[in-house]
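Bear in mind that the values in this text are calculations on the coordinates, not laboratory data. Just so you know, these numbers come straight off a predicted model, no measurement behind them. Here Cβ is always computed from backbone atoms with ideal geometry, including for glycine, and neighbour counts include all displayed protein chains.
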Amino acid sequence: MQEFEFRENEHRWVQVYELIKTRIEDATYRPHMMVPSERTLEQELGVSAKTTRKAIRRLREEGLVYTKPNLGTFVADRDEVADRATG
């Protein structure tokens, strides 16, 4: 992955959130695929644990990812999420 450059006028957690969301939308991260761990994201992007945690929490709140205890965070299947919402 190419190096990520942060914008100075915006919170880093928002930028990490947007980066992961973009990777989900462009299918870099596919449904049910594990998202890199918080530690991996911290190292890749040079951010704190708090920053990655907040970004992942927002993605989870929006239904874009889900967490399996002791396993990690995974990309939600948007079709399954839509089916649950309408069914």
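So here's what we get for this one:
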{"item": "Dmax and Rg, reported as Rg then Dmax, of the chain (C-alpha, Å)", "result": "13.1, 43"}
{"item": "Student exercise, the range 12-86 dipole from Lys, Arg, Asp, Glu Cβ charges, in Debye to nearest 20", "result": "380"}
{"item": "Charge dipole of the chain about the Cα centre (unit charges at C-beta), most positive-ward option of P69, P36, Y17", "result": "P69"}
